[in-house]
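What follows draws every value from the coordinates through simple rules; no lab data is involved. Quick caveat: nothing in here was measured; it's all calculated off a predicted structure. Every residue, glycine among them, receives a Cβ derived from its backbone with ideal geometry; neighbour counts consider all protein chains shown.
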Amino acid sequence: MKGGPIYAIMDLDDSGEVTAHDEDTLFAAAKEEILRVVVDDLDDGMRSNLALIAPPFYGLEAFLDRMAKALYPRAQRLDGADLYRDGGLPPESDKSIGIVSGMEGLYRRRIGGFEAMKRFIDHVASSPHLFIATCNVYSWEYLQEILPLGQVFPLQIRLPVLDAKDLMEIHLSLYGEAELEFAIEKETPVRVGCPIRLGRRSVAIRGWKVEVPVPEVRIKDLKDLRPCLRHKTEPPPSKRVFFERLARISGGNPGVAEILWRRALEYPLVRSETLQEVPSIDLDFDHSFILSIILSKGSLELKEIAEVAGRSMEILYGLQRRGMISFDGKTISMQPEALKGAADHLRRLKLVV
Amino acid sequence: MADSLATPLSVLDTALILRSAMILASAYILSRAATALLSRISERAYGYRITIKMIIPLLKFSIYGIAIYLILHSVLVLSSAQALAVSGLAGAAVGFGLKDLVAEVVGGIIIVLDKPYQVGDKVRIGEVYGEVRDIGLRSTRLITPDDSLASVSNQLVLREVLNANAGSQEMMVVIDLYIDPRSDADLARAILFEALVTSRYIRLSPRHPAKVLVKDFPFYRRLRAKGYVYDLRHEFDLETDVTARAWLAFKEVGIEAPKGWAAMIEA
């Protein structure tokens, strides 16, 4: 095993959240850029609060830990759920930077459930301190329609989804060239690289997104024109198949991919059968609504669900039985592997953006 | 005279009658099957429900149009002069006896081509309000809020249609609550806004904002909440959910319903 760049380094703690234990992370460059832009601005007397927006499990906790470390002793770590309990106001502090994790913990979807968030927004707007906060993307989209979040956090970074190549780079950076062996159950032969391929492009027609086939010419593959025309085939590299499947199932979410990778890795063997495609989800409206609440928080307590949707034990049981959530009697969390399927389903129903 | 009338008509034998009946029966079965299939697909297609349902009347018109063409083609064998004579006769017949029927069918064709509303829309046609369940050749069938099936003549489409959602699955719902004019309007407005945006039936996006307006009247204050329901079938669910939760919250903070003019004068 060798040390690698990016966040190969991520580790799972007991709660299932992704944490980092190495100095080199995927976010290292982002961290430097943020420190340069946001903190330098603060030193120059300008205050540009920053929101980092990502889906659950993305691994932002690890990133905030590093930010807090880099900004020590100027920064103070705050937690959205704790702030909610304190009415939305951070404790008095002489620290000039507030780093808030889980801003989605500052509200409840019920009448009177936005008071703490409103107080927090007022505080952020009027405070001389700089705030860097993370927020669940589904909560952010919802709250933006209700509260002036975008105005008090003028800088917003939406964390991107990663493709198979990115994930391969991240996960293999810790290992030698042929250190791992990939066991794929079924390999479908594919055509060798053709310079002309049929790609798919998303085209917007009157507000609808339609995927249309578009021929793509790849200059670098021109040398393969002859074998391509002879319909020569070769088995796809196991590694590539594995990471394509990993990217598809995780939806490009690096935190979910990390969890799935750990399940698949039996050093030095990487088993692809642990990567199970999530079947398409078909839930009724009540199940879907509760699922949207859980998705927009990532993880929440049972009493919060009760506050929002009343008695819902049978619905929670139904979601748990379908493998969409985990429930330990007190806390309800999304199942990482169900994240993409749940988000796709709720997007179809327009319950999330 | 008898010869000249017999020429444009094929011999009306049993086979021809049977053939015509079979064409009509096939068109009926095909149209029912296509309607059932598309309705089923639309229910599973979530966001595309109304788009798929839009195809249904178009398909039915096409099927029946082809069936009528096939029958007429078998029955009538016309030269240009004869076609002119027959159309003149048909025109006279329509003018005298079938004008309502023709107006209804023309209305149906206009609905399909002009799309003032589509299957799945919430509309008011004349005095009837409801969800469009089916657009037929002669009439449009609506499901009213009390679950009755109403048939409205397609003639009315030319002058008396109000469409609440215009082909979209989302629809604006307006909820009026009336409170005592001495109540705290800001607090009431904030509560009603939160009741609206926290409802499970609300659709919130930059194109679908939520809003609460306040207007004073002599003996009461009207709060008007405007928001989009994510699926128009939940129009009344949204209304009920918001109203019930808002009144519970009003009660907790002492916001009351108007007491009537007599009580106001007394106060």
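Excluding A:Leu42 itself, calculate the net charge of residues whose Cβ lies under 14 Å from the Cβ of A:Leu42, where each Lys or Arg counts +1 and each Asp or Glu counts -1.
Details: positive: A:Arg36, A:Arg47, A:Arg74, A:Lys95; negative: A:Asp40, A:Asp41, A:Asp43, A:Asp44.
Spelling it out: positives minus negatives among the neighbours equals 0.
For a Förster distance of 22 Å, can you work out the FRET efficiency between the beta-carbons of B:Ile17 and B:Gln82, rounded to the nearest 0.05? Don't jump to the answer; show the numbers that get you there.
Numbers: r = 22 Å, r/R0 = 0.99.
Working from the Cβ atoms, E equals 0.50.
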Legend entry - Quotient of Cα Rg and 2.2 N^0.38 Å for chain B, N being how many residues it contains: 1.46
Inset, instruction - Would you give the gap between the C-alpha center of segment A:121-175 and the C-alpha center of segment B:191-212, rounded to a whole Å? - result: 23 Å
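How do B:Thr140, B:Thr51 rank when sorted from fewest to most other Cβ atoms within 10 Å of their own Cβ? All intermediate terms of the calculation are to be shown ahead of the outcome.
Working: B:Thr140 28, B:Thr51 16.
Starting with the residue having the fewest Cβ neighbours, the order is B:Thr51, B:Thr140.
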Legend entry - chain B, helix-only ellipticity at 222 nm - DSSP H runs n ≥ 4, -39,500 (n - 2.57), divided by all residues, nearest 500: -16000 deg cm²/dmol
Inset, instruction - Scan segment B:161-259 for chymotrypsin sites (Phe, Trp or Tyr not before Pro) in coil per DSSP, keeping those whose Cβ has at most 16 other Cβ atoms within 10 Å, and list them by number. - result: B:Phe219
Inset, instruction - Once you have the Kirkwood Rh of segment A:40-181 from its Cα pairs, apply Stokes-Einstein at 20 °C and 1.002 mPa s and quote D in µm²/s. - result: 130 µm²/s
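Among the listed pairs B:Lys211/B:Lys251; B:Lys99/B:Lys122; B:Lys60/B:Lys115; A:Lys297/B:Lys53; A:Lys330/B:Lys226; A:Lys297/B:Lys251, which are separated by more than 25 Å between their Cα atoms?
With Cα atoms farther than 25 Å apart: B:Lys99/B:Lys122; A:Lys297/B:Lys53; A:Lys330/B:Lys226; A:Lys297/B:Lys251.
Would you order B:Tyr117, A:Tyr72 from fewest to most other beta-carbon atoms within 10 Å of each residue's own beta-carbon?
Numbers: B:Tyr117 25, A:Tyr72 10.
Fewest to most other Cβ atoms nearby, the residues stand as A:Tyr72, B:Tyr117.
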Inset, instruction - Take every Cα pair under 8 Å in segment A:285-348 that's 6+ residues apart, average their separations, divide by the length, and report that relative contact order as a whole percent. - result: 38 percent
Inset, instruction - Convert 37 °C to kelvin, take the viscosity as 0.692 mPa s, use the Kirkwood radius over C-alpha pairs of segment A:87-171 as Rh, and evaluate the Stokes-Einstein diffusion coefficient in µm²/s, rounded to a whole number. - result: 227 µm²/s
Legend entry - Sorted by Cβ density within 10 Å, fewest first, the residues B:Val105, B:Val253, A:Val38, A:Val270: B:Val253, B:Val105, A:Val38, A:Val270
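Could you order the peptides A:99-112, B:21-34 from most to least packed, using the average number of other C-beta atoms within 10 Å per residue? Before the final figure, lay out the partial values.
Values: A:99-112: 23.1, B:21-34: 13.9.
Highest-to-lowest ranking by the protection proxy: A:99-112, B:21-34.
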